[in-house]
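The values are calculated or read from the model by the stated rules, or taken from the named source; none is laboratory data. Please read all numbers here as calculations on a predicted model, not as lab measurements. When we count neighbours, we look across all protein chains shown, and the Cβ atoms used for this are built from the backbone with ideal geometry, even at glycine.
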Amino acid sequence: MFEARLANGNIFKMIVESIRELVVDVNIDCSTEELSIQCMDSAHVALVSMSLSQSAFDHFRCDRSLSLGLNLPNVSKIFKMMGRDDTMVLKAEDSADKLMLMFENDKSGTIADFELKLMAIEAEQLGVPDTAYKCSISMPSSEFQRIVRDLQVMGDTCKISCTKEGLKFSATGQIGTGNILMRQNVASEKEEDHVTIDMEEPVELNFALRYLNFFTKATPLSPTVILKMSPGLPIVIEYPIEQLGHVKYYLAPKMEE
Amino acid sequence: QNRQYNLDAFFGLK
């Protein structure tokens with residue numbers, strides 16, 4: 001038996017929104033500790049890793065680890081019917097052939113319930129090593145979203161370079177070149193406005209802007225985003241969900257021409 | 001156009 005109740009159901013809706021443009025069918029793995037997802041996009045250049053701790057839930061019971069195989073377009077349609085302040089309840093039997101979803105709202109007194117057929121999804125799990133990265137940058141997630149959205153008018157590829165100067169995003173195309181430099185900035189009283197750059201050695205890597213833009217769908221989940229880079233390794237783009245979990249994206253760099 | 005690496009090359013399947 002799996003049963004979980006999340007007072008702020010909107011968090012789960014935002015998680016679904018943050019991955020649905022990258023993958024269609026996905027397993028949500030339930031254990032006694034957490035709900036988690038690990039999946040790759042069909043081109044195998046990006047990986048999403050999500051974790052939401054059992055402590056995020058008001059009630060969490062998972063007798064036996066199970067995988068809920070979901071079709072995200074269908075899940076997304078159901079979540080469109082969830083109100084902003086609704087509590088979400090998930091339930092599944094150990095056989096896990098269907099998932100019950102309930103959206104409750106005490107104020108309006110409404111209870112919506114849905115039964116969703118589950119699928120058996122064959123998932124390849126990647127062994128992601130725990131690496132010490134050469135550069136780690138924390139910045140406002142809204143600023144990152146604006147930069148990768150704006151640079152799309154210049155080209156398809158974004159060069160991200162971290163140097164002593166700061167963190168530079170560059171794109172080149174037919175009309176010319178654009179560079180946006182973020183310097184370290186800890187002047188604001190609000191910590192979520194800070195830009196912190198922790199650099200052991202300079203790193204410069206190229207990435208597809210299309211993917212970086214997919215990742216910014218997670219912006220509503222977190223005021224800050226953490227970027228981690230090492231030469232020749234996939235970039236990590238992490239959106240922490242309070243102290244309760246995260247959505248992390250890994251994107252393979254482009255090969256040098 | 002420069003190609004994107006494949007993630008399998010970095011992490012490998014479990």
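Observations on the structure shown:
- Yes/no for A:Ile19 being of a type in the set (A, V, I, L, M), buried (at least 20 other Cβ atoms within 10 Å of the Cβ), within 30 Å of B:Asn6 (Cα to Cα) and without any contact (Cβ under 8 Å) to a residue 24 or more places away in the chain: no
- Condition check for A:Ser161: among the polar types (S, T, N, Q) and in contact with a Ser or Thr (Cβ under 6 Å, 6 or more places away or on another chain): no
- Here A:Ser188 fulfils each of the conditions (1) surrounded by fewer than 19 Cβ atoms within 10 Å (Cβ to Cβ); (2) within 22 Å of B:Phe11 (Cβ to Cβ); (3) more than 14 Å from chain B (Cβ to nearest Cβ) apart from (2).
- Selected residue (criterion: nearest to the other protein chains (Cβ to nearest Cβ)) from residues of region A:208-251 that are in contact with a strand residue (DSSP E or B) (Cβ under 6 Å, 6 or more places away or on another chain) and assigned to a loop (DSSP other than H, G, I, E, B): A:Pro234
- Test: residue in region A:146-161 that is surrounded by fewer than 15 Cβ atoms within 10 Å (Cβ to Cβ) and part of a loop (DSSP other than H, G, I, E, B): no
- Residue match in region A:122-133 (condition: modelled with pLDDT of 95 or more, more than 14 Å from chain B (Cβ to nearest Cβ) and touching a strand residue (DSSP E or B) at 6+ places or on another chain (Cβ under 8 Å)): no
- Count of residues meeting criterion [of a type in the set (Phe, Trp, Tyr) and in a helix (DSSP H, G or I)] in region A:60-81: 1
- Residues located in region A:185-205, provided they are of a type in the set (S, T, N, Q) and under 17 Å from A:Tyr133 (Cβ atoms): A:Thr196
- Number of positions in region A:30-52 that are under 15 Å from the mean Cα position of the chain (by Cα) and among the polar types (S, T, N, Q): 4
- Any hit, region A:114-125, residues being within 18 Å of the chain's Cα centre (by Cα), in contact (Cβ under 8 Å) with a residue 12 or more places away in the chain and not in a strand (DSSP E or B): yes
- Scanning region A:82-100 for residues that are farther than 18 Å from A:Met119 by Cα and assigned to a strand (DSSP E or B) returns A:Thr87, A:Met88, A:Val89.
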